[in-house]
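Throughout, read-outs are computed from the coordinates displayed, never taken from laboratory work. Because the structure is a prediction, the values reported are computed rather than measured. Virtual Cβ from ideal backbone geometry, glycine too; neighbours counted across all protein chains shown.
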Amino acid sequence: MTKVFADRIDIDLMVNGEPVEARVPAGQHVIDFLRQELGLTGAHASCEHGVCGTCTVRVDGASVRGCLMLAAQLDGADVWTIEGLSDSEAIRDLQEAFIARNALQCGFCTPGMLVAAEELLAQGGVPERAAIREHLSGNYCRCTGYEAIVDAVETVARQRAGQVQA
Amino acid sequence: MTVQFGNPDRPNSYIGKTVPRPNAGRLVEGRGKYVDDINLPRMVHVAFVRSPFAHAKILGIDAKEARLVKGVLRIFTGADLAEVCTPWVAVLAHLKGLKSPPEHPMALDRSCWVGEPVVAVVATSRAAAEDGAALVEVDYDPLPVVADMMTALDASTPVLHPEIGDNLAFQRLHEEGDVDSIFAIAHKVVSARFKTGRHTGVTLEPRSILVDWNPAEGQMTAYHATQAPHMMQTVLAKHLDVPESRVRVICGDVGGSYGIKVHVYPDEVATAAISKIMARPVKFIADRLESFTTDIHARDHEIEAKIAVDANGKILAFDVDDWTAIGAYSVYPRTSAIEGNQVVNLCGGPYDFANYRAKTTVVFQNKTPTCQYRAVGHPIAVAVTEGLVDMAAAALGLDPVEIRRRNMYADDGYPITSPAKMRFEGLSHHQSMDKLVELMDYDALRRDQAEARARGVHRGIGIASFIELTNPSPFMYGIGGARISAQDGCTVRMDPDGSIVALSGVTEQGQGTEAMLSQIVAEGVGVLPSNVRVITGDTQVTPYGGGTWASRGAGIGGEAALRSARALRDSILEVAAAMLQADQASLDIRDGHIVDAESGAGRMPLEELGRIVYFRGDTLPEGLPRELVQTRHYITSEYPFAFTNGVQASYLEVDVETGIVKLLKHWCVEDCGRIINPQLVDEQIRGGIVQGLGGALFEEIHYDDEGQLLNGSMADYLVPMAGEMPDMVVGHVETPTKESMLGAKGAGEAGTAGAPAAVMNAINDALRPLGAQVTQMPFTPERILRALGAIED
Ligand code: FES
Ligand code: FES
């Protein structure tokens, strides 16, 4: 084993609103840290290449690919995963829209998809369908064919903009 | 008493309604439990060293360095595992002549494709196992490679498995009528050469298995992302010498399967073998490169085909010569001859014609094995058939819709046996086509196309009719000797609180099986769907069944659920009649209450009946049957398969400067018989269409001449993304199968079956005025520009 992988780094951060202190291998990715060390198995690893988006979590307010970022970079960060976003009810309307529209089948892409969709919705307004599709193009879904996901995101955008009743 | 499906106001009318999926709430909160989310005490991880050569002798293995990695516990070679695991041979008796050599969980002295497992490294963490694997030195002596399909049988090509004589795995010729004389005299003959791209499923959850052999209990438990838990139970038991009753396969949440996860994979069996040796839990999760090199591939076909028509566009004959290369081994236990066989069975499917010849030639090569992937063989057969029909229409100056109307089987003419000897119980080609034409406003679209063309914009409309095989009987695998159940079962019970539990042998892979079953059971018994808990995916708990494949969940598993639910209803009413001193026939169950069937007046909630049966049985008449649990199994018997039908249409734009295809819209009208949950069916269709669109436009595994896989990452192997997919309009015609009470046929694969052909026909419709035509999938910008003559060389 090379020296750099043997090295461990201390990090101090917030995860889902709770303080976390950890000593992580220098080469460990955020997705492995969250899943293996913290038991936050909601986000998934799929391509481990930065392409598919199943590992998407929120770090300091932005959608981040957990397979590209190192856990060591999380020192001082504010991390939110699907577990925390669910517990805090921050995206309840979006989750309900996903269920109502059956915008998930196997659910493997869903946690990452929700974080990415929320990033778009947080910008406010009602995006065009093409803009929703564009924004979600970094999040693959092999099951749904995407249309139901676009519908759900569009519905929530309208609801939040007060255009339709929730 | 049967269910009055025709009456939407009947009590407990959940079949046919959109009800929410019980598991969706958990999945949107990240509370799913996929195999990689499970950690067991003393669990270890395995990583595989895989062959970097397509064909090589293994001269030696040096694992000294690997052993020094901290956390590495054991290292296994193929020979080590062969001591505890017998090899398998993937043939089926009814596929006459199919041959394949024995295959072991890891290569012994020779590797036959890039990615074949050679050495297993077991460590306390996945990272340590991978570090160890990277340090294993294998001494290979490369052997000549069989890479090309069309020359695989040439005398000058080396034989991949000398012990079986040649590189031919399987061949089948089917002939009906007098094909040669018809082609000799027909008014018009059109021929073409088609190619479908070798592609794979790309499930976002990679293949995953965690096996726990507990010698103290004599029990093996496998947590497995699989479509067919009972089949896996049988396979693990047989090859690892464990009694079948002592193997338990548990299938929790599965992150997409599409046919990929219904096969036996060497590395997964190796994981079980290692668990048996180490007597502790062993986890294997494929990484993405492993997924590309070892998940089954599919659709690697080249087809020379022709159609004969008369002056009115009446189809007289099809002649199809299909070739497919299946990699180094036929895949266990379903075999790799089924896809080619399906092409023979399905070409010409929607059409009433008499003369048919189809041949498939299935060869070995040094590539990843191919096997059944969503819509097995259908996308190929539909592309060939519908491509030729469109070309014939163009040659005759007929409209594509019109030529189909002139040839499709009449809706009132069933049952019918096709020239391929497929038996159709009842299909609705004409109704479906009428509905499609209406949904897409065909004439308006043609006007839009003409206007666009006047502006120099090249748009095309493509139509593809299809048939789809669902609800298979033992004719698919069982008669060939495979222990793959075509029957499925459901146990339904009522607990003391009046709630219902349903245990089913079909599995949930995200398509909504559990929702579908909960609705059927709710209606069958007479309770709210929310009061039905569905349990699937545990061989120790559910009735024996086949699982999820060939679009059988609703048609087979759903019928078993309906029958067991109806039986439970009768049991409950028998007890209720005794308690209420009423005539059983005068009672009904509605929304969880015993009611007077006539007036609907409530007599007793089910909880009360449960309380009496379970806790005060002393108050019931002695001898009164009080089993509030019923099991029924179902198997189709009158027809080998329940065929469905449908028709798709694609509207798209081809940029003739760049060769890029922009999908504008897609339609599908589909007849899957009785619809249990309209939303779930629609979303199955949409998801299936998009997988078909992937095959049409993007997906292709590339190999070089040495059998090296060139695009083993998601960055290099393209799948459809949200931005490039169209909105899809889905419509239905319902022709329930009369074989079952429920009348449901399968819906999960139809989208994939027809979409590639619709896109191909649309592109060719757009290109036809320019004198260009494409027939090789995927239709990449390069292939389109080549067809246009914009690039040569
Ligand atoms: S796993 Fe991170 S983007 Fe695919
Ligand atoms: S729901 Fe299965 S990958 Fe998106």
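Listed by Cβ neighbour count within 10 Å, with the fewest neighbours leading, B:Glu205, A:Glu48 appear as A:Glu48, B:Glu205. If a/c stays under 1.5 just call it rounded; otherwise compare a/b with b/c (prolate if a/b is bigger, oblate if not). Do that for chain B, with a ≥ b ≥ c from the square roots of the Cα gyration tensor eigenvalues. Oblate, because a/c is 1.5 or more while a/b does not exceed b/c.
Length gained on full extension, B:Ile416 to B:Leu59: 122.7 nm, using 0.36 nm per residue less the C-alpha separation.
Above 16 Å lies some portion of the pair distances; for region A:3-85, what is it as a whole percent of all C-alpha pairs?
Tail of P(r) above 16 Å: 45 percent of Cα pairs.
Within the protein assembly as shown, DSSP assigns beta bridges of which about 80% are antiparallel (rounded to the nearest 5).
Across peptide B:31-38, the mean count of Cβ atoms from other chains lying within 10 Å of each residue's own Cβ comes to 4. Looking at chain B alone, DSSP beta bridges between its own residues are antiparallel in about 80 percent of cases. In summary, the lysines within cross-link reach of B:Lys188, defined as a Cα separation below 24 angstrom excluding same-chain residues under 8 places away, comprise B:Lys306, B:Lys314, B:Lys359.
For the listed peptides B:747-753, B:292-298, a ranking on the average number of other beta carbons within 10 Å per residue, highest first, reads B:747-753, B:292-298. So if we plug the beta-carbon distance of B:Ser181 and B:Ser637 into 1/(1 + (r/R0)^6) with R0 = 41 Å, what FRET efficiency do we get, rounded to 0.05? Using R0 = 41 Å, I get an efficiency of 0.60.
Set the Cα radius of gyration of chain A against 2.2 N^0.38 Å, with N its number of residues, and you get 1.08. Take each residue in A:25-36, count the other chain C-beta atoms within 10 Å of its C-beta, and the mean is 1.
Starting from the Cα gyration tensor of region B:1-137, take the square roots of the eigenvalues, sort them a ≥ b ≥ c, and report rounded, prolate or oblate (rounded when a/c is under 1.5, otherwise prolate if a/b is larger than b/c, else oblate). Oblate. Our compactness index for region A:90-160, the C-alpha radius of gyration over the empirical 2.2 N^0.38 Å, is 0.95.
Expressed to the nearest 5 percent, the antiparallel share of DSSP beta bridges inside region B:459-547 is 50 percent. With both labels modelled 7 Å from their Cα along Cα-to-Cβ, the A:Asp78 to B:Glu217 distance reads 4.6 nm. Put simply, the convex hull of the Cα atoms in region B:502-545 casts, on average, a shadow of 3.0 nm². For chain A, the longest principal axis of the Cα atoms and the long axis of helix A:147-160 meet at an angle of about 80 degrees. Eigen-decomposition of the gyration tensor built on the alpha-carbon atoms of region B:72-130 gives equivalent ellipsoid semi-axes of 30, 12, 10 angstrom, largest listed first. Descending by average beta-carbon neighbour count within 10 Å, the peptides B:52-61, B:301-310 line up as B:301-310, B:52-61, the highest first. Considering helices alone, the calculated mean residue ellipticity of the protein assembly as shown at 222 nm is -8500 deg cm²/dmol, with DSSP H runs of length four and up weighted by -39500 (n - 2.57) and normalised per residue.
When all alpha-carbon pairs of the protein assembly as shown are counted, what percent fall beyond 41 Å? The proportion of pairs with Cα distances above 41 Å equals 39 percent.
Going through the DSSP H helices of chain B, which span 15 Å or more along their own axis at the Cα atoms while scoring at least -1.0 as a mean Kyte-Doolittle hydropathy?
Working: long enough: B:229-240 (16 Å, 0.11); B:266-278 (18 Å, 0.50); B:378-396 (26 Å, 1.29); B:429-440 (16 Å, -0.50); B:442-454 (18 Å, -1.37); B:513-525 (18 Å, 0.75); B:558-580 (32 Å, 0.54); B:678-697 (28 Å, 0.25); B:750-767 (26 Å, 0.74).
Going by DSSP H runs, the hits are B:229-240, B:266-278, B:378-396, B:429-440, B:513-525, B:558-580, B:678-697, B:750-767.
Within straight-line reach of B:Lys57, meaning a Cα separation under 25 Å, sit the following lysines at least 8 residues removed in sequence or on another chain: B:Lys99, B:Lys367. Take the Cα radius of gyration of region B:325-448 and divide it by 2.2 N^0.38 Å, N being the number of residues; the result is 1.27.
For the residues of A:133-141, the average number of beta carbons from a partner chain within 10 Å of their own beta carbon is 5.
Take B:336-348, B:2-14, B:275-287 and order them by the average number of nearby Cβ atoms within 10 Å per residue, most first; the result is B:336-348, B:275-287, B:2-14. Amide H to amide H, with H built 1.01 Å from N, B:Arg334 comes under 5 Å of B:Val264, counting only residues 5 or more places away or on other chains. Normalised by residue number, the volume inside the convex hull of the Cα atoms of region B:449-523 is 214 Å³ per residue.
Distance from the Cα centroid of region A:32-55 to that of region B:520-555 is 31 Å (rounded to whole angstrom).
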